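What follows is a short report on a single structure.
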């Protein structure tokens, strides 16, 4: 991994860390920087990661930015699927499922949560499986 790719990767992880500590503004700034840098150097996997984080940020603010969150999750999902990034695909389905559940779209929510559940089970990702099954939604 080259220097630029490593910096993009670190920005994404730092953005995720900020999000976990409920520092959405800092998380969004770094995720946007990561997205832009990933696009500039053609790092599609890092672009998918940044989009996923941006989707999570948009979904977690109050009130949620529903269309923005859905757009980022769907963009991340498309990139991740094209690149064979199964864990990220599953996380995107989980994010969409939670988003649709909170916005009163139970059928769409259930479809995405079922996909996430199946994928997490197949990959042995038990922590995330519990979330997708609704134990931590």
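Computed from the coordinates by the stated procedures, all read-outs in this text should not be read as laboratory data. Quick caveat: nothing in here was measured; it's all calculated off a predicted structure. All Cβ positions, even for glycine, are placed from backbone atoms using ideal geometry, and neighbour counts span all protein chains on display.
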In nm, spacing of pseudo-spin labels at residue 121 and residue 21 (7 Å Cα→C-beta vector): 3.8 nm
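Relative to the present Cα-Cα distance, how much length would full extension add between residue 111 and residue 32 at 0.36 nm per residue of separation? Show your work: numbers first, answer last.
On the way: separation 79, 0.36 × 79 = 28.44 nm, distance 2.88 nm.
Here the segment from residue 111 to residue 32 would lengthen by 25.6 nm.
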Along the Cα→Cβ direction, 7 angstrom out, place labels at residue 82 and residue 14. What is the inter-label distance in nm? 2.8 nm
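Could you list 19, 79 so that the one with the fewest beta carbons within 10 Å of its beta carbon is first and the one with the most is last?
Numbers: 19 20, 79 23.
Result, fewest neighbours first: 19, 79.
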What is the distance in Å between the Cα centroid of region 88-136 and that of region 40-56? 20 Å
Contour minus Cα-Cα span, residue 102 to residue 7, at 0.36 nm per residue, comes to 30.8 nm
Against the longest principal axis of the chain, how steep is helix 106-123, in degrees 0 to 90 to the nearest 10, with axes from Cα atoms? 70 degrees
With only alpha-carbon pairs counted, each pair once and no self-pairs, how large is the Kirkwood hydrodynamic radius of region 86-137 in angstroms? 10.3 Å
Would you mind checking the tilt of helix 66-83 against the longest principal axis of the Cα atoms of the chain, expressed as 0 to 90 degrees and rounded to 10? 70 degrees
If you consider only alpha-carbon coordinates, what radius of gyration and Dmax does region 1-84 have, in Å? 12.1, 39
